[in-house]
Amino acid sequence: MSKQTKQLPARKHRKTLLTIALVIVLLHGFLMTAIFWTVRPDVERNLGNVAVWVMLLSSVADVEAAIAMWYWKRWGIYLYGLAAIGAAVVAVLASGDLFLLFGALLPAIIVLYIVTMQREKFE
C-alpha cells in the first residue's frame, strides 16, 4: 500500500497594511451609509430616490467587497472600485462640489493600490 501525501495549499499571509485597508473599506461602507442617510432629504429633493438607492447599494457593495477581499476573492477588488465610483458620482451630483469627487475617490485609490500590491494572492 502506498500512501499519498496531500500537499496543502500555501497559506496566504495578509500583511498588516492590507488588513488595515480592508477594515477601512468595511468602515467606509458603514460610514457612507450613515452620512448619506442623514442628508437623504436634501438629496431626494435634488436628485430623487435613484440617488438614495445608488448610494445605499454602493455602501452595501463596499461591505461585500471588503468581505470578498478578506477571503482573497479578486472580484471584490473590482466591486469596490465600482462602488467607490458610484458613491463619488452620487455625492458630486448631490452636492455639486467637484472637490468632493477628489475626496471620495482618493481613499478608494489608496486602498486599491494597497490591495493590488498583493493581487497575485487573490483568486
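The values are calculated or read from the model by the stated rules, or taken from the named source; none is laboratory data. Fair warning: this is a prediction, and the values are worked out from it, not measured in the lab. When we count neighbours, we look across all protein chains shown, and the Cβ atoms used for this are built from the backbone with ideal geometry, even at glycine. Accessible surface areas use protein heavy atoms only, side chains included; no ligands, DNA or RNA. Shrake-Rupley method; radii C 1.70, N 1.55, O 1.52, S 1.80 Å.
Counting only residues that are closer than 26 Å to Val52 by Cβ and in a helix (DSSP H, G or I), how many does the range 92-123 have?
Here the count works out to 18.
Please state which one of Val60, Val89, Val25 is part of a helix (DSSP H, G or I), under 21 Å from Lys12 (Cα atoms), of a type outside the set (Ser, Thr, Tyr) and at pLDDT 80 or above.
Val25
When you look at Ile77, is it closer than 16 Å to Ile24 by Cβ, in contact (Cβ under 8 Å) with a residue 60 or more places away in the chain and either surrounded by 15 or more Cβ atoms within 10 Å (Cβ to Cβ) or more than 10 Å from the chain's Cα centre (by Cα) (or both), yes or no?
So Ile77 fails the test.
Of the conditions (1) closer than 18 Å to Met55 by Cα; (2) within 13 Å of the chain's Cα centre (by Cα); (3) open to solvent by less than 30 Å² (accessible area, probe 1.4 Å); (4) not polar (S, T, N, Q), Ile85 fails just one. Which one is it?
So the condition that Ile85 fails would be (3).
Determine, yes or no, whether Val43 is at pLDDT below 70, open to solvent by less than 20 Å² (accessible area, probe 1.4 Å) and either in a helix (DSSP H, G or I) or in contact with a helix residue (DSSP H, G or I) (Cβ under 9 Å, 6 or more places away or on another chain) (or both).
yes
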